[in-house]
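The values are calculated or read from the model by the stated rules, or taken from the named source; none is laboratory data. All of these numbers come straight from a predicted model, not from anything done at the bench. Here Cβ is always computed from backbone atoms with ideal geometry, including for glycine, and neighbour counts include all displayed protein chains. Side chains are part of the model used for accessible areas, which takes the heavy atoms of the whole protein and leaves out ligands, DNA and RNA. Shrake-Rupley method; radii C 1.70, N 1.55, O 1.52, S 1.80 Å.
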Amino acid sequence: MEDTQWMSWVEAPWLQRTATYSSLIRFCERLVQVDLLPEIVTEIAAEFGVPRCSLVVRNRNWETIVSRGEPLASLPGALLAEVVDKDAAVWTRSADDSPVMLLPTASSAQHVLVLSGPRLDASQLTEGLGVGRVVGQRLNQLNRVAKAERHVDRMRTMIGLAHSFAGEKDTQTLLERIAEEACRLLKTDRASIFIWDKEQKLLIACPALGVEGGKLFLPDNKGIVGDTIHGAKPIVVDDAYTDTRFDQTVDKKSGYTTRNLLCVPLFDADGECIGAFELINKLDGDFNDDDLNSLQDFGVQTSIAIKNTLELENLVRSNQNLSERVSTGVAIIGESESINALRGTIERLAATDLPVLVLGESGTGKEVAAQALHHQGPRASRPFVAVNCAALTETLLESELFGHEKGAFTDAQATHIGKFELAEGGTLFLDEIGDMSVGGQAKLLRVLEQKVITRVGGTQSIPVNVRVLAATNANLVESVREKRFRQDLYYRLSVVTIELPALRDRPEDIVPLASFFLKRFCADANRKPLPISSDAEKRLQMHGWPGNVRELRNLMERVAFLSNGDRVEVEDLAFILSPQRDAFDDLSDGIGLAEATNKFQREYIKRAVKRMQGNMSDAAEFLDLHRSNLYRKMRQLGMEVDDVKP
């Protein structure tokens with residue numbers, strides 16, 4: 001079309017050879033394509049026909065960055081500063097009368113081009129101004145590219161470090177590693193990370209070099225770090241000793257000299273400040289915006305790693321405390337022969353994976369024995385899950401043990417994980433196994449044989465690795481004979497059987513057990529441990545304990561919380577050990593008073609002799625009788641020595 005007109009860059013009028021500044025424009029076009037500073041100054045020296053061309057920058061003093069030929073022996077600092085301040089070029093002569101031209105670049109770092117040579121003329125100032133401006137823009141471009149590349153490299157390094165930090169489980173070690181990497185990455189002499197304990201109003205610095213233990217505890221309202229966390233803003237200090245906020249105490253103690261520092265706050269995922277990250281003494285000058293941005297980026301990864309590690313430590317600590325409490329709670333107390341034998345059996349069985357059937361009356365501590373088997377064995381760090389089979393119907397038992405899928409039945413609104421899965425790697429304790437329905441017994445047997453479960457409403461077979469312990473106060477042999485308990489399941493569960501003695505059969509353990517429970521419950525009641533008087537001990541030992549250890553435990557709990565004295569007296573036990581409960585086998589039922597009295601005395605003497613392990617002298621002393629009087633009383637009651645000795 002006649003109205004359309006084209007023009008290429010090379011056809012532009014100012015690039016024609018006859019144009020005044022065509023050669024200058026072509027030179028500047030070549031200049032903006034050069035990436036290396038030595039090549040830039042070499043090109044400029046050739047263009048202006050001078051033997052020397054230098055690029056200088058103003059720091060504390062003027063420094064030569066790069067030079068073509070020998071630079072000037074001494075840079076005219078005052079004149080260079082004036083060139084920058086006025087943003088104007090100057091032609092002059094040096095001390096040796098050689099022509100010199102100083103060209104401002106208007107770069108962000110205030111670079112100046114210094115040209116020197118005999119052919120240099122003041123008429124070249126115009127071209128020099130243009131070249132200087134182009135060089136300044138090129139320097140800014142190169143600086144931005146270099147800064148971006150450094151940022152990318154640092155981010156790549158920080159991401160890699162964050163991955164390695166994620167595997168660290170100890171906060172102290174993690175903080176030391178982070179500080180070391182920050183020093184290396186940002187080229188500083190030292191680094192410290194401060195964790196903020198808001199409740200204690202403390203800052204915990206780690207690592208704190210030059211401080212014993214590597215940690216330093218500081219109040220959170222003082223110093224530069226205090227201002228950083230409370231203001232939630234970074235602080236840069238170029239001269240630490242002139243800043244009134246800087247505390248020189250640590251420097252004086254360690255002999256270290258802090259020159260400059262950079263401190264940024266650390267935030268968690270919720271935006272809450274959890275501490276600060278401080279860099280000390282940059283190796284090559286002062287801290288700049290690039291250092292600040294990099295430390296803030298590094299701080300994000302650091303905060304996440306610190307938060308995760310602290311939470312992990314808390315979980316591990318809580319688990320350890322819980323394990324210690326559980327282990328203490330499952331202690332088997334007593335020194336009777338039966339209890340010593342029980343402890344030895346549990347110790348041997350704990351190291352195995354054999355199924356164990358625990359038998360005993362209600363309240364004898366069957367679950368405690370099961371927990372001891374678990375916590376003394378290789379599965380101790382894994383879950384211990386208890387299920388009361390008597391409390392569940394057949395349908396509920398299947399869902400409780402094996403779990404169910406969402407929609408498996410009307411009320412199954414979500415997937416439910418069963419006890420077998422919850423106990424994975426650990427121990428499943430089936431209490432009151434004798435009360436399990438026949439249908440539930442069949443399903444349990446299948447799981448024990450195949451070691452896989454299927455959730456109710458599901459089709460996937462889930463392998464399980466669980467040690468099964470069972471307990472009952474029922475006579476399973478009789479239940480098997482009456483077809484109320486599967487024989488094959490009984491044999492599967494009773495590979496090893498432990499029978500717990502009733503408390504009345506080990507009276508020598510009553511006082512140690514009472515003291516153990518009393519000490520624990522006094523701690524719960526925030527009171528000093530209560531000693532038990534000798535009269536109260538006798539009262540405890542003579543009680544029948546139909547509820548076994550559970551009854552004794554409950555008694556000591558009430559005493560710890562309700563008694564008013566400094567020790568346990570008989571009166572403190574009277575409101576619980578009622579006369580009706582203290583009678584032997586309903587002595588008043590259908591017999592006369594005299595016969596009941598004689599029977600009570602016979603039982604009382606038997607228990608005293610058993611308590612003293614058959615020693616008649618000790619039994620007489622325990623009963624406040626002379627030995628001869630004890631024998632006389634026994635003859636009156638129709639008792640022989642062989643009748644009372646264990």
Q: Would you mind getting me the FRET efficiency between GLN200 and SER254? Use the beta-carbon distance for r and R0 = 41 Å, nearest 0.05.
A: 0.95
Q. Which length gain, in nm to one decimal place, applies between LEU637 and SER362 when the Cα-Cα distance is subtracted from 0.36 nm times their residue separation?
A. 95.7 nm
Q.
If I stretch the segment between LEU79 and LYS222 completely, what's the gain in nm (0.36 nm per residue apart, minus their alpha carbon distance), one decimal?
A. 47.0 nm
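Counting other Cβ atoms within 10 Å, keep those with at most 15, restrict to DSSP loop, and tell me which chymotrypsin sites (Phe, Trp or Tyr not before Pro) in the stretch 398-428 are left. Show your work: numbers first, answer last.
Values: sites: PHE402, PHE409, PHE420; in loops: PHE409.
The qualifying sites are PHE409.
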Q: Assuming a ≥ b ≥ c are the square roots of the Cα gyration tensor eigenvalues, decide whether the stretch 423-522 counts as rounded (a/c under 1.5), prolate (otherwise, with a/b larger than b/c) or oblate.
A: oblate
**Q.** Residues of the stretch 464-508 with amide N under 15 Å of the 7 Å Cα→Cβ point at ALA442
**A.** 484-489
Q: Round to the nearest 0.05 the FRET efficiency obtained for VAL480 and THR415 when R0 = 35 Å and r is the Cβ-Cβ distance.
A: 0.45
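Kyte-Doolittle mean at least 0.0 and Cα extent at least 15 Å along the axis: which DSSP H helices of the chain qualify? Don't jump to the answer; show the numbers that get you there.
Numbers: long enough: 37-48 (17 Å, 0.88); 125-165 (58 Å, -0.23); 171-186 (22 Å, 0.09); 289-329 (58 Å, -0.57); 337-350 (20 Å, -0.09); 438-450 (18 Å, 0.15); 510-524 (21 Å, 1.10); 548-562 (21 Å, -0.08); 593-611 (27 Å, -1.08).
Helices meeting the criterion: 37-48, 171-186, 438-450, 510-524.
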Q) In whole percent, how big is the carbon plus sulfur part of the accessible area of the chain, probe 1.4 Å, protein atoms only? A) 49 percent
Q) What ranking of TYR604, TYR490, TYR241 comes out by heavy-atom accessible area, probe 1.4 Å, highest first? A) TYR241, TYR604, TYR490
Q: List, in the order given, every pair from LYS187/LYS253; LYS366/LYS451; LYS366/LYS419; LYS307/LYS406; LYS201/LYS233; LYS147/LYS253 whose Cα-Cα distance in the structure shown is over 27 Å.
A: LYS307/LYS406; LYS147/LYS253
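Which order do the peptides 431-444, 375-388 take when ranked by the mean count of other beta-carbon atoms within 10 Å per residue, highest first?
Listed from highest to lowest mean packing, they are 431-444, 375-388.
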(Q) Below 13 angstrom from the Cβ of CYS273, what's the summed charge of the other residues (Lys, Arg +1; Asp, Glu -1)? (A) -3
(Q) Using a 1.4 angstrom probe on the protein heavy atoms only, could you order HIS151, HIS111, HIS543 from most to least accessible area? (A) HIS151, HIS111, HIS543
Q: Might you work out the accessible area of THR18 for me, using a 1.4 Å probe with all protein chains in place, and round it to the nearest 10 Å²?
A: 130 Å²
Q | Those trypsin sites (Lys or Arg not before Pro) in the stretch 507-556 that DSSP places in a loop and that have at most 16 other beta carbons within 10 Å | A | ARG527
Q. Relative to the present Cα-Cα distance, how much length would full extension add between THR352 and LYS187 at 0.36 nm per residue of separation?
A. 53.7 nm
Q) Largest first, what is the accessible-area ranking of LYS451, LYS599 with a 1.4 Å probe? A) LYS451, LYS599
Q: Give, rounded to the nearest 20 debye, the magnitude of the charge dipole that the stretch 336-492 has about its Cα centre when Lys and Arg contribute +1 at Cβ and Asp and Glu contribute -1 at Cβ.
A: 400 debye
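For the chain, with every protein chain kept in place, what is the accessible area per residue (1.4 Å probe, Å²)? Don't jump to the answer; show the numbers that get you there.
Numbers: 35080 Å² over 646 residues.
So the chain comes to 54 Å² accessible per residue, rounded to a whole number.
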Q | Neighbour-limited loop hits for trypsin sites (Lys or Arg not before Pro), the stretch 606-646 (at most 10 other Cβ within 10 Å; DSSP other than H, G, I, E, B) | A | none
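Write down the Å³ per residue value for the convex hull defined by the alpha carbon atoms of the chain. All intermediate terms of the calculation are to be shown ahead of the outcome.
Details: hull volume 200.5 nm³, N = 646.
Convex hull of Cα atoms, per residue: 310 Å³.
What does the helix-only formula give at 222 nm for the chain: each DSSP H stretch with n ≥ 4 adding -39500 (n - 2.57), the total divided by the residues, and the result rounded to the nearest 500 deg cm²/dmol? Mind showing how you got there, number by number?
Details: 24 runs with 296 residues, N = 646.
That comes out to -14500 deg cm²/dmol.
Under the classification rounded if a/c is under 1.5, otherwise prolate if a/b is larger than b/c and oblate if not, where does the stretch 1-156 fall, given a ≥ b ≥ c as square roots of the Cα gyration tensor eigenvalues?
Working: a/c = 2.24, a/b = 1.24, b/c = 1.81.
Oblate is the answer for the stretch 1-156, as a/c is 1.5 or above yet b/c matches or exceeds a/b.
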